[in-house]
Structure formats: structure tokens, C-alpha cells
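The values are calculated or read from the model by the stated rules, or taken from the named source; none is laboratory data. Quick caveat, the model's predicted, so the values are computed rather than measured. Ideal geometry is used to build each Cβ from the backbone, glycine not excepted, and the neighbour counts take in all protein chains shown.
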Amino acid sequence: MTAMNSPLLDHCPSTLPAQAYFDPAWFEAERARIWAREWVPAGRIDSFPDRTIRRVEIAGASVIVLRDGAELRAYHNVCRHRGAELCAAETEPLRGKLVTCPYHAWAYATDGRLVSTAFGTPTADFRKEDNGLLPVALRLWNGFVFLCLAETPPAFAPDIGIADAALSLAALDNWPMDRLVVGHRLETTIACNWKIFWENYNECLHCPGIHSQLSARVPVYAKGIMSPAESAETAAAPGPVYADGAETWTVSGRPCGPVFDGLTAAERAEGHRFVTTYPGSFVVAHVDYVRAMTLTPISPEETRLKAEWLFLPETLARPDFDLSDVVDFASTVIAEDAAACEMNQRGLRSPAYVSGRLMPQEFDIARFHRWVLERVGNDVPNLKAES
Ligand code: FES
Ligand SMILES: [Fe+2]
């Protein structure tokens, strides 16, 4: 019997077919129908220096992001004249508030308008207003820059596991997100399909066996569940989020600096808040720091992962600040998850494995699968009907 508001599934759905994790046709369909259509993270705002053009790659498309003071804009990295690449370097200064093509010197204003065709002298049938830079949608959320290649972008919809868009969008409002700066960064490539990463993220059945340190800290994780609502026993008596009086995800269990003063009592008691922005990132907000994770598919079986630990500048400046106490805790979790993801990927290559079954506790994986299938369902091979 499950608890009253239990999110557990009432059946065991089939997983995605094995091909979904290595077939180039799946990978291409996902690139076109997910990564090139959804909001994808491009970095913290302070990774875009003022008066600079920065080149970023989104779903195989080269994009330039221009920053001029508070103004941030993104365009495809291509000139409207004969299609030259506008920016070859990682970053370039924004000279004279213009983006100038290195080939025949067409020049564009930061709002994308074509302002000069240089030595070219157009005839009356050429209209400058029809030949501006090709825009890419950009939005800022809690100090993160997101880009979307779609001409009509979908709603920006962070996910906190409940069907309330306004609440999800506001989930980090009491954290001082705009003031946080990166204090540590970890980048690694995991030998797995990007969906394997999300599946592992979306369940805690693996926690008791894979994460000994984390399960000792978070008692519900030691039971293989993500929240007290998932079992009748813990729903009736949730108990503290952390064992042994710990307050956060540090090795010592102590906050790495002052607790954020805008948090409500309930938010402080919550200990960690996960906010997911599919397909490319999630944020874990603690009472004393925040960790942002970004993933980028490199190939069907390789995913680039970036972790950034964000702190208040005054926390980083404290003489007693202990970076390794903070970073070592989650770095262990990340390494354990990466190894689990790679083990999963290797197994999926077995010619004997066609597809598997989810357990009722894997309700968030089922939701993630539906999210993927709603977008690529008609475009991928060998798809069996979801049970
Ligand atoms: S291709 Fe850019 S000015 Fe000619
Ligand atoms: Fe994990």
C-alpha cells in the first residue's frame, strides 16, 4: 500500500528501447526536435563580459551573444551577405558597438540592424531592413543565460515536480541568485547518452548502493526514495532532512558561510531544492550555496557535464571559508553518478537487451520519457508503444 499523496506509479511502464541510447537516428531526431527547439543553458551572465561578442554552440548551430551593458542579444553566427562566419574566436571585443563581418565588412548594430554594406553599393531593390542579423531567442533566469533556436520558442518552464508553472518559475526567488558568483567549476565528459544522465538523476533507487556518503546524510535517500511522500512510513513521520544535525551538502555538514537571509523557515528546513530545466540543466539550491549543473550531448554515447558551485562574494571572501568542504561532497556524488551512467550505457549495448521496465518509484523517469516522446515520438525508429 502506498501513502495517500504518493507519486508512485500504479504500474511498471516499459523503458525506452535500447536504440534510443546509441542510434544516430535517435540522436539526430533529438537534436532537431529537442535541443534545437527548447531553451538551452549558455552560461552564467558573468561569463559574458561587457562590450564583448561571445561565440557559443547550441545543437550544432554557432551563435553569437553580444553584451553591451545590461543589454544581451543573441544571433546566428552568419553574415547576411554571402554567409561568412561573423565571429571565429571564442570572444571578440564589440568595437564601436558594431558587429562587422570580417569578409566584406558589412556592419550590424547590436540590435541586429544592417547599418553598412561597406564597399558594396546596393541598388534600389535591396533593403537594409530585410538583411539584419538572424536573431536567436535569449532569456535570463536567476543569473543564467538561456538560448532557444526555435523561431517561436516554447514557454520557459523549469520543473520542480509539480504541475504549477508559476510556482516552478519562482522556485528560486528567495535565493540571491543574481548576486552569486562561481567559486568552483568541474567539467567532465561522461561516456553515456544524455538521457541516461537524466534517468539516473530522476530516481533514488540507486542511492543506497551507489551513494554511501549521500545516503548517510539524507535518510530518505538511504531508503531508495527521493522524498518522504514516496512511502507511507516516511509520509507519516518525515523526520529531519539531514542526519546528525547536518544542515547542508558539505563534508562537515556545516554551512560554508552565512545562511541566505531571504529564505523562509520552510525553505531552510527543506535543505535542498532541485529545479530542473530540461533538456540541459538543473540547479540544486541549498541554504548556504547553490550548484548549477549543465549537460551538453557530444555524440550518442558522450555527454559533457559542467558543475558550477555558486556563492555570495562575501562568503568566498571569508577567512574561514573552506572550499574543499563544499566541493568534495557533491564531487563524490557526481563521480558516483557518472560511473553508474557509464555502467548503464555499456549494458545497453548488449544485443540481448531490447528494453526494460520501470519500477513505481521511477515516476520521474516515466515523466521524462513522456517529455522526450512528445517531442520525438514520430521521428525515431523502433519505437514500441508506451504501456
Ligand atoms: S559575407 Fe559578410 S560581408 Fe560579405
Ligand atoms: Fe545519484
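Computed quantities for the displayed model
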| item | result |
| --- | --- |
| Which numbered condition GLU28 misses (of (1) touching a residue at least 60 places away in the same chain (Cβ under 8 Å); (2) not assigned by TED's automatic domain parsing to the domain that holds ASN142) | (1) |
| Within region 192-239, considering residues that are surrounded by fewer than 21 Cβ atoms within 10 Å (Cβ to Cβ), without any contact (Cβ under 8 Å) to a residue 24 or more places away in the chain and within 11 Å of ligand 2 (Cβ to nearest atom), the one nearest to PHE282 (Cα to Cα) | TYR221 |
| Condition met for GLU362 (charged (D, E, K, R), touching a helix residue (DSSP H, G or I) at 6+ places or on another chain (Cβ under 7 Å) and not in a strand (DSSP E or B)) | no |
| Condition check for ARG113: closer than 27 Å to PHE146 by Cα, more than 10 Å from ligand 1 (Cβ to nearest atom) and in contact with a helix residue (DSSP H, G or I) (Cβ under 9 Å, 6 or more places away or on another chain) | yes |
| Boolean, ALA137 is away from ligand 1 (no atom under 16 Å from the Cβ), assigned to a loop (DSSP other than H, G, I, E, B) and within 23 Å of GLU38 (Cα to Cα) | no |
| Condition check for ARG254: surrounded by fewer than 18 Cβ atoms within 10 Å (Cβ to Cβ) and either closer than 15 Å to TRP175 by Cα or at pLDDT 95 or above (or both) | yes |
| Any chance SER116 is modelled with pLDDT under 95 and of a type in the set (S, T, N, Q) | no |
| Residues of region 168-202 that turn out to be polar (S, T, N, Q) and under 20 Å from HIS369 (Cβ atoms), as a count | 4 |
| Residue list for region 111-150, filter: of a type in the set (S, T, N, Q) and loosely packed, with under 12 Cβ neighbours inside 10 Å | THR121, THR123 |
| Residue check for THR294: assigned by TED's automatic domain parsing to the domain that holds ARG31, of a type in the set (Ser, Thr, Tyr) and closer than 29 Å to GLY245 by Cα | no |
